[in-house]
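Enquirer: Once you've had a glance at the structure underneath, I'll fire off some questions.
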Amino acid sequence: MELVQLKVDAREETGKGPARRARANGFIPSVVYGLKRDTLHLSVDSGAFSRLVVGSAANVLIDLEVPGQEKEASVAAMIKDVQRDPVTRQPMSIDFQWISLTEQIEVEVALEITGIAPGVEEDGGVAQQQLHTIALTCLPTAIPESIAIDISGMTIGDARFVSDLPEIEGVDYVPEADEVVLTIAAPISEEDLETQVDDELLDSLVDLEVGEEVAEGEEAEVLAPEDEEAAEPAEEGDGS
């Protein structure tokens, strides 16, 4: 996996006010940490970051160009966390993490179904995927973009396990070898589906009636003034 360059600016001001002004000007407040280094406060151009995440793999390796910081050939950065606006989904803040390119790391990689299963195509079964990502360890430069699950030849009742995933040099899967990745389930009839829905509806009605009985028998709790203060939610930070 190749490194993708991303230029950032150092950010001297922190707090909610400066963070809001940065976003208004098209920048995302960010931090970078790791490898026992001091945390650096950064400002990332929102357009450059959008192009980075759209055009790169999930576990993209970033050549983070920080003003005043000398580059090291054996060090890169990865995106650790992105806080997004709950409505617009625009990035509000970003956490980057320094990593060593010479040391193995653990990452989650997407699992992708390949091939054609007779149990699905001919018998109407359903491929039920228990794992959509797989944890693995490898050198950062050896992170695969995805791992294929080949369902060729699978019939109803068959399963694929972690041990069935392809062997990749330098890559070790974290889950146990006998953990189920995917199964081919039999199709459900309309009668069975109606029965299942009816049972779920009945269970929900029973839970509702029990809840109402408990509520009628309970006395309302009165919070003392100090308890009311403790019950108030804390203000959310801006992640900067």
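The values are calculated or read from the model by the stated rules, or taken from the named source; none is laboratory data. Bear in mind the structure is a predicted one, so any value in this text is a computation, not a measurement. Cβ sites come from the backbone with ideal geometry, for glycine too, and all protein chains shown count toward neighbours.
Enquirer: Is at least one residue of region 4-17 buried (at least 16 other Cβ atoms within 10 Å of the Cβ), touching a strand residue (DSSP E or B) at 6+ places or on another chain (Cβ under 9 Å), part of a loop (DSSP other than H, G, I, E, B) and outside the structural domain of D172 (by TED's automatic domain parsing)?
Expert: Scanning region 4-17, I find at least one residue that is buried (at least 16 other Cβ atoms within 10 Å of the Cβ), touching a strand residue (DSSP E or B) at 6+ places or on another chain (Cβ under 9 Å), part of a loop (DSSP other than H, G, I, E, B) and outside the structural domain of D172 (by TED's automatic domain parsing), so the answer is yes.
Enquirer: Here is a follow-up. Confirm whether I147 is within 20 Å of M1 (Cα to Cα) and either outside the structural domain of V54 (by TED's automatic domain parsing) or of a type in the set (S, T, Y) (or both). If you could, list the steps in order and put the result at the bottom.
Expert: Numbers: within 20 Å of M1 (Cα to Cα): yes; either outside the structural domain of V54 (by TED's automatic domain parsing) or of a type in the set (S, T, Y) (or both): yes.
Spelling it out, I147 is indeed within 20 Å of M1 (Cα to Cα) and either outside the structural domain of V54 (by TED's automatic domain parsing) or of a type in the set (S, T, Y) (or both).
Yes/no matrix, rows are residues, columns are (1) within 30 Å of R20 (Cβ to Cβ); (2) in a strand (DSSP E or B):
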| site | (1), (2) |
| --- | --- |
| M78 | yes, yes |
| F96 | yes, yes |
| E108 | no, yes |
| E112 | no, yes |
| I134 | no, yes |
| T137 | no, yes |
| P144 | no, no |
| I147 | no, yes |
| M154 | no, no |
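Enquirer: Name the residue that is modelled with the highest pLDDT, counting only residues in region 158-188 that are over 19 Å from A135 (Cβ atoms) and part of a loop (DSSP other than H, G, I, E, B). Give the steps one after another, and end with the answer.
Expert: Within region 158-188, the subset over 19 Å from A135 (Cβ atoms) is 158-159, 183-188.
The next check asks that each one be part of a loop (DSSP other than H, G, I, E, B); those that pass are 158, 186-188.
Numbers: D158: 96, A186: 91, P187: 87, I188: 75.
Residue satisfying both the conditions and the ranking: D158.
Enquirer: Out of the residues in region 130-145 meeting the condition of being of a type in the set (S, T, N, Q) and under 17 Å from the mean Cα position of the chain (by Cα), tell me which one is surrounded by the most Cβ atoms within 10 Å (Cβ to Cβ).
Expert: Narrowing region 130-145 to residues of a type in the set (S, T, N, Q): 130, 133, 137, 141.
Checking which are under 17 Å from the mean Cα position of the chain (by Cα) leaves us with 130, 133, 137.
Numbers: Q130: 12, T133: 13, T137: 15.
Within region 130-145, the match that is surrounded by the most Cβ atoms within 10 Å (Cβ to Cβ) is T137.
Enquirer: For region 83-125, name all the residues that are in contact with a Phe, Trp or Tyr (Cβ under 9 Å, 6 or more places away or on another chain) and β-branched (V, I, T).
Expert: Here is the first cut: in region 83-125, the residues in contact with a Phe, Trp or Tyr (Cβ under 9 Å, 6 or more places away or on another chain) are 91, 94-98.
Passing the criteria: only I94.
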